[in-house]
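Read the figures in this text as sums done on the coordinates, not as results from a lab. What you see is a predicted model; the values in this text were computed from it and never measured. For neighbour counting, all protein chains shown are included, and Cβ atoms are generated from backbone atoms with ideal geometry for every residue, glycine included.
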Amino acid sequence: MAERFLSRGLRGAVLAGAMALAAGLAALSPPVAAQGTRVEAVEVALVARDAAAVAGRPLQVALRIRHDPHWHSYWRNPGDSGLPTRLEWRLPAGWQAGEIRWPAPQRVLIGPLANHVYEDEVLLPVSLSVPAQAAGQVTLQAQAHWLMCRDVCIPGEASLSLSLPVQAAGEPPASPHRAAIDATLAALPVSPLSAQALLADGRLSLRFVAASPRRAEFFPYEEGTLQTAAPQRLSRLPDGSHRLDVPLADPAQGAASSLSGTPRALGVIRLDDQVSEVMAVAASGPMPVGEPVSEAVGRQLLPPAGRVAGGGLAAPSGRPIAGEAAGSGPGSLGLAMLFGALGGLILNLMPCVFPVVGLKVMGFVGHGPAQARRAAIAFALGVLATFLGLAGLLLALRAAGQAVGWGFQLQSPVFVALLALLFVLIALNFAGLFEVGLSLTRLGGVEAAITAGSPARPGGGLPGAFGSGALAVLVATPCTAPFMGSALGFTLGEPAPVVLAVFAAIAAGMALPYLVLGFAPALIARLPRPGRWMESLRQFMAFPMLTSAAWLAWVLGQQAGIDAVFGLAIGAVLLALAGWIVGRFAQPAAAARRPFAVALALGAAIAGVWVALMPLSAGPPAPGDAAAAGGAASAP
């Protein structure tokens, strides 16, 4: 009896030990989705602090973003341009996701712009609430959206998942990411910094008590309230407190405009290496003037082909590191102009530009040498004048204190929508739905909007060629080549003559093929003879333009959501209606009926633009739940 009892007890102990061992091995198994997903210039992954979740306890996870060299993504307030990273969670029943807990960013200067960015590797922690009844294996899913930028900006997204076992109790084993997540959590702004805020003399002044900081830098939560690129001046007041002054973007409004006696979170402040959240109340009166301590101006972010060795970084104060700056002498300017010319040359092959330039080249067919040379010069002058006009606009805005830069136009949803509508309009014209300007040009006997001057209309060809050059520059905006981006990045903070020289080099590169054909009759003789195939070519060129418009619609969807894309689609339909009215009734109509047709077409075009821009007037889209912006989310 005793032996039977001992045998039964031994079997039970072995069985219990085996079950415990199996549970331990399951808990020790690493997260399934720890490997990253590569998207363009970044690698993203959903990682967890622990290798297992514990029922009823919060679980710390994080979105890990690894940037390629010279690339960056953005903080919750991106600064003068950019978009914040966001997560859309799809969680099991009972699970909830908290807000993204944002590490303090770096303030980088890109010419006159300043952005709040993350570089290299960053972890964006999120706390997940685990239900008490959770058990077994769980899969956490999230759709990540971000904007990655270098010379140009690319929206990115990825569907991420993370599989973990769930323990009923006990301490979970560590994952390979515990140390990194703990370090990120330790660096988050935890203890608030009490401050008084004052709006006066066009700046926000923060008064606070701290242990003799040598440097202070403030990152506001609200976009567009402060001049992101402006220096931030720290001073020590007579009573031992400190004051930080930051210029306002608009002196009539500011981050502290709604402050009262109740503390309000304005942003985060970095005092030397310590980061805190600023909880501010309205100051009761004027602030005294103190002794200057330091001035934080951010870090200059140069393009990869920039002027500073060792990765293009500058000293923390924003001034170049001694001995590394190569300056902006003749060699650097010559290199920038060379890159600009190469970039302009490459632009001719981009899908946005090639239809316009390709048809213009075909316009040489049937022209005499003298007329071809005049058309080539007119086209080149159109390109040059438009590029110099853009440079002048850039310089004027920079002088007015506006944060502008080439390549950041596509971060404006309004600009993207208008450019997409322009591409649709050009495509419809190429397809033959309507013709633009009977005085512009003819192509193979058919009126064309953007083609070479016609021998049959000797007076109208040169204005058409000039207009074609201007239009080619306009539609080249989303097709900025890497050479061109580096050259323009070089110019953003340079004197006006340097800016104009680099833009002129880009124009010369873009117009070079046309000038070569115009002054080389032997090359013109090699072009095919004119015929109806030219009309077929023109119609075919509508499809690259429509492809470019579709890509811009995708960019708009990343920026402003599906409602903005729907508005753009309806706007394009109304614009097509306007083109059809012009082609069907206005151009062939008698003089008495033409004004009515033109007015009807103009009304349809205005309505199309209004419908396309209407969803953008409300700003960024509101996510379906708070998790889309990093807020709290609950499972369906």
Q: Rank by packing, highest mean first: peptides 572-582, 595-605, with packing defined as the count of other Cβ atoms within 10 Å averaged across residues.
A: 572-582, 595-605
Q: Please list 187-196, 60-69 highest first by mean number of surrounding beta-carbon atoms within 10 Å per residue.
A: 60-69, 187-196
Q) Ranked by Cβ crowding within 10 angstrom, fewest neighbours first, how are T85, T139 ordered? A) T139, T85
Q: Please sort 558-568, 230-240 by packing, taking for each peptide the average over its residues of neighbouring beta carbons within 10 angstrom, highest first.
A: 558-568, 230-240
Q) Check G561: other-chain or 5+ apart residues with amide H under 5 Å from its amide H, H built from backbone geometry? A) none
Q | Shape of the range 192-300, Cα gyration tensor, a/c cut at 1.5 | A | rounded
